[in-house]
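Q: Take this structure first; my questions come after.
The values are calculated or read from the model by the stated rules, or taken from the named source; none is laboratory data. Keep in mind it's a predicted model, so treat the numbers as computed, not measured. Neighbour counts run over all protein chains shown; Cβ positions are idealised from the backbone, glycine included. Ligands, DNA and RNA are excluded from the accessible area calculation, which covers all protein heavy atoms including side chains. Shrake-Rupley method; radii C 1.70, N 1.55, O 1.52, S 1.80 Å.
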Amino acid sequence: MGYGRFLLKRGVQGVGVVWGVVTVVFVLRFITPGSPIDTVAPLDASQETRRRIAEELGLNEPLYIQYLDYLWELLHGNMGYSYISSIPASVQVFQKLPATLELAIAASVVAIVLSIPLGVISATRRHEPADYAATTFSLLGISTPNFWLGIMLVLVFAVQFDVFPTSGRAHGFMQALAAITGPAPFFEVAREWLASLFLPAITLGTYFTALITRLVRSGMLDELSEGYVRATRAKGLPETLVRYKHVLRNTLVPVVTVLGLQLGTLIGGAVITEAVFAWPGLGSEIIRAINARDWPILQGSLIVIGTGFVLLNIAVDALYAYLDPRVMAE
Amino acid sequence: MSEKDTSRRRFLQAAGSATAAVALAGCSGNGGEATPTDEPTDSDGGETATTEPQETTERPEPETRDGYLQRANLHCHEQAPWVFLNRQYSVYGQSSDIEWQPRTDERVSAYAIEPANDDGDDVVMTQSQMDSGLDPQDHRETPTDNIVLQAYEGLLERDREGTIVETLATDYQRLDETTVQFTVRDNVPFHSGDSLTPEDVAYSINRIVDPDVGIESPQVDQLIGVEGAEVESEEDRTVNVNLAGLNPIVFASFATYCDVMNRSWVEENDDAYINQNMDGTGPFELSNYEQGVEVAFDRFEDYWDEPAAISTFTINSASESSTRVNRLLSGETDIAVNVPPQEVSRVEENDGTSISAVPSTRILFNAMRYDVEPFDSPEFRQAVNYAIDLDSIVENVLQTFGSPTGQPTLEGFFGHNGDIDPYPQDLERAEQLVEESGYAGAEIELVTPIGRYLRDVEIAQAVAAQVDELSNVSASARQVEFSTLVSQVTTGNIEDKPPWYLLGWGNATFDAIQTIQPLLASDGALTSYKNDELDSLLDEAQSLPSESN
């Protein structure tokens, strides 16, 4: 199978998955308790008011008509209008997406920056105090729930020591970038942006830091016992070069794969972190939409996350096939 | 039939359109008996409540609307269609940088905030959720009110204690049974620079009550019985509002809803724009709107009254109560809305922050369906009330941020009966009433929403546990999602409701009818009860004006 054909196949599969996501998300509305009318109408609204609202929302149509209408509108980039704010769902969802991506990327950066050195130290100093410290950290990191860690970090670093803001998102990446040329003092804007991002990023990134630390440690230990390591050492290569040029490079291949896939999980996992830090991203929007039964927003958010996940998987598959053509034959 | 009767019936018909053709009579089981008590008093219906509701004594007919509503409350107390629980309190955390006192109607007016020092000039408030759009006529919930009411105003409003005061109207009067008139204030600028006209006022009223004018407003049921408005005289700046019949609470309704919008601005813009921008006459003008994140206002210097004391007012949100409190403690916000009891000590023990609490307009109750066993027996319903230790619930579950109730109408509201005390806990009496009802050994289940009202699950669990202590009744509590409960109670059919369920009800009009009519009248939108005597008391009350309110 050629590379182009492989990509086409993956692309078609991806479209099928996205269609599945759209369908499941659409059906969810009908199996979840609570009617959209209750979102729009007050509790004591008359039956006449309810009937008019149902008509306005198109809820009187047969299910398959509603479904086909929804697909048709979606294909034209229309996710409907928020039941609550009357703002187009696509506008509302894509307004919130950058904050979540920013948080997910920041958490990934935290994970990469901390986990790789920790994993390397842990593997190269096996059974030494540094190794025990690193493995203890990864055990704690994996076992600590996000919401608890977030609350504790806020209590200590924001409320007690007043080093970071307790919650919220100051400015955002684009505004911080714009401040380079804009009238606002760049360093102040950038500092406030990074300060508001710090605790949420640590909260969201801790689990992945712990996970990747373990991955790097075990991967490196495996590699260190390989024959080529003995050969490089026998050739007289300095130990630093052996570890970082040869062993670490090989160890990082699966780590990169996991990181790529975890970015999707991070976006999903951001829901809890966003709630704790009142971070105005897609996660907060999803919680709000669930509570309010604001289906256009919920459906739009889930479809965007689902599509992002599919695209990320296709990208990882493509990269894998490029690096190792044997994958295409499988 | 007299003209008065005709118009009264037309209004009641409109108010009762909430349910599809429910028969007015139809008392079943033991639920229908009128059980007047002894000891009539000299007040209009304000008789002393009795613990012997089965004794029958003649009572004098009330003469005023207040009297009929007080009698209706007495009926509810005696017949106990609810387990009467508590009045909910609004609890705020506030910084010492500002001077501010909360209002009973749960609305926060930044106009009432004064700086206590230099830091108090720019005020930030954090509530649990943001707005559902900035259209002041396209919502009906407090978080959005708190945002839009900084920039928009109505004809009338209420002061902090709940008394009706003029805002954009300088005068209001009832011309006849089906017409009321407002005189519109002169020299009032919108934030856009346009001047307020009577036409803007008439258009704003019609935009709410007439679906053909702009939007399907959820406030239409709050202005029930209002058919439309028209400018009577441009010169005199008068607007006439047409009613379907005598509407005793029409001014109370206008003091709660009906924000005035700029007609030309509304007509020039689409819904999405109106939901993200503002053009009101209020003391603050919108300076920044980030949907779902933050709404910022600047003081409107051309305000028709004295400009506000603070320069800026910013509202943001945090759904987690601990996050709101953390923001307050670290000085990031000046007012934290809805501080739950478990967070109160953190706020009180911190330097520079304090707790402000005020009784709200919301009542919590357990409705008992009058048409199913064992709740079709008034004795059984009374027994459940006698089984509850309300003081203990208020003290231990709500940590004193609540007060016990014994009637549907809250203290301070029009129609409240001051002679009725909450049911005391009396287990012996409760067990005896259960025996009398013939339902000894009954097993009952209380359905409660999760997290909708302050400590709702904990209250329901306490109620169920206390009823379960009776030797001849078994009780338990079951939690459901609020939307599930809503889908059951809003169908218009009593049969779709759970037999026993916890609900809360906010009444922004400060009038008994707005609680009793939808929740307990035979044709109420959410009723769990049918009784001829109560219906006729409400009918009589609605045929009389209550301008003293």
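Q: Filter segment B:129-163 down to residues that are open to solvent by 10 Å² or more (accessible area, probe 1.4 Å), more than 14 Å from chain A (Cβ to nearest Cβ) and among the hydrophobic types (A, V, I, L, M, F, W, C), then give me how many there are.
A: Count: 1.
Q: Which one of these does B:Asp176 not meet: (1) more than 14 Å from B:Gly282 (Cβ to Cβ); (2) open to solvent by 30 Å² or more (accessible area, probe 1.4 Å); (3) under 17 Å from the mean Cα position of the chain (by Cα)?
A: Result: B:Asp176 passes all but (3).
Q: Continuing with this model, one more query. Quick one: B:Asn187 ticks every box in (1) within 14 Å of chain A (Cβ to nearest Cβ); (2) among the polar types (S, T, N, Q); (3) touching a residue at least 24 places away in the same chain (Cβ under 8 Å) bar one, so which box is it?
A: (1)
Q: Would you tally the residues in segment B:92-133 being in contact with a strand residue (DSSP E or B) (Cβ under 8 Å, 6 or more places away or on another chain), farther than 21 Å from B:Ser311 by Cβ and at pLDDT below 95?
A: Result for segment B:92-133: 9.
Q: Please work out if A:Leu68 is in contact (Cβ under 8 Å) with a residue 40 or more places away in the chain, more than 13 Å from A:Trp295 (Cβ to Cβ) and either part of a helix (DSSP H, G or I) or open to solvent by less than 30 Å² (accessible area, probe 1.4 Å) (or both).
A: In short, no.
Q: Separate question: For segment B:468-549, which fully contained helices (runs of 4 or more DSSP H) count at least 3 residues that are of a type in the set (D, E, K, R) and out of contact with any His (no Cβ under 8 Å at 6 or more places or on another chain)?
A: Here the list reads B:532-542.
Residue by residue, here is whether (1) touching a helix residue (DSSP H, G or I) at 6+ places or on another chain (Cβ under 9 Å); (2) of a type in the set (S, T, N, Q); (3) within 24 Å of A:Pro280 (Cβ to Cβ) holds:
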| residue | (1), (2), (3) |
| --- | --- |
| B:Val220 | yes, no, no |
| B:Glu234 | yes, no, no |
| B:Val239 | yes, no, no |
| B:Gly245 | yes, no, no |
| B:Asp271 | no, no, yes |
| B:Glu290 | yes, no, yes |
| B:Asp298 | no, no, yes |
| B:Glu301 | no, no, no |
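Q: Please work out if A:Val310 is among the β-branched types (Val, Ile, Thr), crowded, with 20+ Cβ neighbours inside 10 Å, touching an Asp or Glu at 6+ places or on another chain (Cβ under 8 Å) and touching a residue at least 12 places away in the same chain (Cβ under 8 Å).
A: no
Q: Considering B:Ser319, B:Ser287, B:Ser253, which residue is in contact (Cβ under 8 Å) with a residue 12 or more places away in the chain, closer than 30 Å to B:Leu454 by Cα and open to solvent by 40 Å² or more (accessible area, probe 1.4 Å)?
A: Checking each option against the conditions leaves just B:Ser319.
Q: Could you list, in sequence order, all residues of segment B:217-243 that are at pLDDT below 90 and more than 21 Å from B:Gln150 (Cα to Cα)?
A: Once the filter is applied, which keeps residues that are at pLDDT below 90 and more than 21 Å from B:Gln150 (Cα to Cα), segment B:217-243 yields B:Val220, B:Asp221, B:Leu223, B:Ile224, B:Gly225.
Table: residues versus (1) within 14 Å of another protein chain (Cβ to nearest Cβ); (2) closer than 30 Å to A:Gly34 by Cβ; (3) within 17 Å of the chain's Cα centre (by Cα); (4) in contact (Cβ under 8 Å) with a residue 40 or more places away in the chain.
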{"site": "B:Leu470", "(1), (2), (3), (4)": "no, no, no, yes"}
{"site": "B:Thr484", "(1), (2), (3), (4)": "yes, yes, no, no"}
{"site": "B:Pro499", "(1), (2), (3), (4)": "no, yes, no, yes"}
{"site": "B:Leu503", "(1), (2), (3), (4)": "yes, yes, yes, yes"}
{"site": "B:Leu519", "(1), (2), (3), (4)": "yes, yes, yes, yes"}
{"site": "B:Leu534", "(1), (2), (3), (4)": "no, no, no, yes"}
{"site": "B:Ala541", "(1), (2), (3), (4)": "no, no, no, yes"}
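Q: OK, next. Out of everything in segment A:160-188 that is in a helix (DSSP H, G or I) and under 23 Å from the mean Cα position of the chain (by Cα), what residue ends up being farthest from the other protein chains (Cβ to nearest Cβ)?
A: The selected residue is A:Leu177.
Q: Keeping to segment B:470-496, report how many residues are at pLDDT 95 or above and among the charged types (D, E, K, R).
A: 1
Q: If you don't mind, another one. Suppose we keep only residues that are among the β-branched types (Val, Ile, Thr) and within 14 Å of chain B (Cβ to nearest Cβ) within segment A:110-154. Which one would you say is surrounded by the fewest Cβ atoms within 10 Å (Cβ to Cβ)?
A: Filtering segment A:110-154 for residues that are among the β-branched types (Val, Ile, Thr) and within 14 Å of chain B (Cβ to nearest Cβ), the one surrounded by the fewest Cβ atoms within 10 Å (Cβ to Cβ) comes out as A:Ile151.
Q: Just one of the numbered conditions (1) β-branched (Val, Ile, Thr); (2) touching a residue at least 40 places away in the same chain (Cβ under 8 Å); (3) away from chain A (no Cβ under 14 Å) is not true of B:Val447; which one?
A: (3)
Q: Run down A:Leu241, A:Leu261 and say which single residue is away from every other protein chain (no Cβ under 14 Å), within 16 Å of the chain's Cα centre (by Cα) and surrounded by fewer than 21 Cβ atoms within 10 Å (Cβ to Cβ).
A: A:Leu261
Q: Let me ask you something else. In segment A:29-60, which residues are among the aliphatic types (A, V, I, L, M), under 19 Å from B:Gln514 (Cβ atoms) and buried (at least 20 other Cβ atoms within 10 Å of the Cβ)?
A: Within segment A:29-60, A:Ala41, A:Ala45 meet the criteria.
Q: For segment A:194-229, enumerate the residues that are part of a helix (DSSP H, G or I), over 15 Å from A:Leu252 (Cβ atoms) and either free of Cβ contacts under 8 Å to residues at least 24 places away in the same chain or of a type in the set (Ser, Thr, Tyr) (or both).
A: A:Leu194, A:Ser196, A:Thr203, A:Thr206, A:Tyr207, A:Thr209, A:Gly227, A:Tyr228, A:Val229
Q: Next question. Give segment B:390-417 a look and list any residue that's out of contact with any strand residue (DSSP E or B) (no Cβ under 8 Å at 6 or more places or on another chain) and either open to solvent by less than 60 Å² (accessible area, probe 1.4 Å) or aromatic (Phe, Trp, Tyr) (or both), or say none.
A: B:Ser392, B:Val397, B:Thr409, B:His416, B:Asn417 - these are the residues of segment B:390-417 that are out of contact with any strand residue (DSSP E or B) (no Cβ under 8 Å at 6 or more places or on another chain) and either open to solvent by less than 60 Å² (accessible area, probe 1.4 Å) or aromatic (Phe, Trp, Tyr) (or both).
Q: Let me ask you something else. Quick one: count up the residues across segment B:182-219 that are polar (S, T, N, Q) and under 18 Å from B:Asp302 (Cβ atoms).
A: The qualifying residues number 4.
Q: Out of everything in segment B:339-371 that is away from chain A (no Cβ under 14 Å) and assigned to a loop (DSSP other than H, G, I, E, B), what residue ends up being most open to solvent (accessible area, probe 1.4 Å)?
A: The residue in question is B:Asp371.
Q: Another question, if that's okay. Under the condition of being free of Cβ contacts under 8 Å to residues at least 40 places away in the same chain and open to solvent by 40 Å² or more (accessible area, probe 1.4 Å), which residue from segment B:198-223 is farthest from the chain's Cα centre (by Cα)?
A: So the residue we want is B:Asp212.
Q: Among (1) open to solvent by 20 Å² or more (accessible area, probe 1.4 Å); (2) in contact (Cβ under 8 Å) with a residue 12 or more places away in the chain; (3) part of a loop (DSSP other than H, G, I, E, B), there is one condition A:Phe157 misses while meeting the rest; what is its number?
A: (3)
Q: If you go through segment A:71-100, how many residues are open to solvent by 100 Å² or more (accessible area, probe 1.4 Å), of a type outside the set (A, V, I, L, M, F, W, C) and not in a loop (DSSP other than H, G, I, E, B)?
A: Qualifying residue count for the region: 1.
Q: Answer with yes or no whether A:Ala54 is farther than 29 Å from A:Gly308 by Cα and either within 14 Å of chain B (Cβ to nearest Cβ) or acidic (Asp, Glu) (or both).
A: yes
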